[in-house]
Amino acid sequence: MSVTTHQLIQWKQQQRPIVALTAYDYAIAQLIDLAGVDIILVGDSLAMTVLGYETTLPLTLDEILHHAKAVRRGVKQGLIVVDLPFLTYQESPQQAMHSAGRVLKETGAQAVKLEGGYPAMAATVSQLTSAGIPVMGHVGLTPQSVHQLGYKKQGKTAQAADRIIAESIALQEAGAFAIVLEHIPADLAAQITQKLTIPTIGIGAGPHCDGQVLVTSDLLGLSEKQPPFAKAYANLRETITQAVKDYSLEVRESKFPE
Ligand code: KIV
C-alpha cells in the first residue's frame, strides 16, 4: 500500500513528522523510496538541478511529464507529487485542469503541486480538488515568481506574514491536502502549522512544520550552489569527481581493464 493524502493528515494529528524529497529519475526515485521517504516530489527544481536552466521558468509540462514517468517506474511506496510548471496553470482553472489531468493520466502520479495562494489560486485549487485531483499548495518563497520576489526570505513584516497566513488558510479551505512553506520565519511557520488541519511541509521554514522537504541534489551535495537553509548529508560532487579521475588515470596508465 502506498502513502495516501489521508495518511498525511493522520500523521499530522499523530505528530509523526513527514519526510519529503525531490526525485527526477528512476534510479534516485527507487533509492529514496526504498529508504522510506513519504512524499516524492518531482519538483520543478528539475529545471536547474538536472536540465541546467537558470530558473524554473523555462520548464515545460512535457519535460516534467517525461521525468515524472521515470520516477513513477521507480516508486512503490511513496506518494508522488508533480509540480505544475510556470504558466501551465496560472492562466485559468481550465488550463490548470488540463495540465493536472495530463500529470495524473500520463504519469500515474497521485497529486500535483502549484505555487501561490489567493484569491486566484485558491479558486483553481477548489476546481481541481472538486474534480478529484489532489493538490499540494506552496507559499512563502515561490521560485516561479523569482522576478517579483527574488530568492529572499518571505513573510518578514507583519503585513507579509498575515498575507501568507491568509493564503495558507484559503488553500486549506479550497481542499489542498498539504502546503509547502518555503523560506519564511520559523515562528510564522509554527503559527501556520498550528492553525491548519492539513500538514505543512517546510523548506527553510524552521523545525515546527509537520514535515520537511529538501531538494535531493542539495542533500547529496551534488548542487553547484545551494540555498542557505539546505543541508548536505553527503558530498557526491567530490565522490563522483574522484571516481572519474581514478578511472581516467587507470585507463591512461593501461591499468583498467586488468
Ligand atoms: O521544485 C522543488 O524542488 C520544490 C521544493 C523546493 C519544495 O518545489
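Pairs of Cα atoms in region 5-253 fall into 5 Å distance bins, from 0 up to the last occupied one, in shares of 1, 7, 13, 18, 20, 18, 12, 5, 2, 2, 1, 1, 0, 0 percent. Computed with the Debye formula from one identical point scatterer per Cα of region 131-205, without solvent, the log10 of I(q)/I(0) at q = 0.12, 0.25 Å⁻¹ comes to -0.29, -1.17.
For the residues Lys245, Lys156, Lys113, a GNM of the chain with alpha-carbon springs under 10 Å puts the largest fluctuation on Lys245.
What does the convex hull of the Cα atoms of region 114-258 come to per residue, in Å³, rounded to a whole number?
Values: hull volume 21.5 nm³, N = 145.
In region 114-258, the Cα hull volume divided by residue count equals 149 Å³.
First compute the accessible area of region 49-198 with a 1.4 Å probe, then give the percent of it belonging to carbon and sulfur atoms.
On the way: 3450 of 6530 Å².
That fraction is 53 percent.
Taken per residue, the accessible surface of the chain reaches 50 Å², heavy atoms only and a 1.4 Å probe. Dipole of the chain computed with +1 at Lys/Arg Cβ and -1 at Asp/Glu Cβ about the Cα centre; of Gln77, Ile198, Pro227, farthest Cα towards the positive end is Ile198. Near the amide H of Lys113, within less than 5 Å, lie the amide hydrogens of Val82, Asp83, Leu84, Met136, all on another chain or at least 5 residues away, with H placed in the peptide plane.
The dipole here belongs to the chain: it is taken about the Cα centre, uses +1 on the Cβ of Lys and Arg and -1 on the Cβ of Asp and Glu, and is about 340 debye.
Per the helix-only calculation at 222 nm, which mean residue ellipticity applies to the chain, given -39500 (n - 2.57) for every DSSP H run of n ≥ 4 and division by its residues, nearest 500 deg cm²/dmol?
Helix-only estimate at 222 nm: -13000 deg cm²/dmol.
Region 214-250 and region 97-125 have Cα centres lying 32 Å from one another.
The packing ranking, built from the mean of other Cβ atoms within 10 Å per residue, places the peptides 184-194, 50-60 in the order 184-194, 50-60, highest first.
The values are calculated or read from the model by the stated rules, or taken from the named source; none is laboratory data. No experiment lies behind these values; they were computed from the predicted model shown. Methodologically, a virtual Cβ is constructed for each residue, glycine included, from the backbone with ideal geometry; neighbour enumeration extends over all protein chains shown. Just the protein is used for accessible areas: all its heavy atoms, side chains included, with ligands, DNA and RNA removed. Shrake-Rupley method; radii C 1.70, N 1.55, O 1.52, S 1.80 Å.
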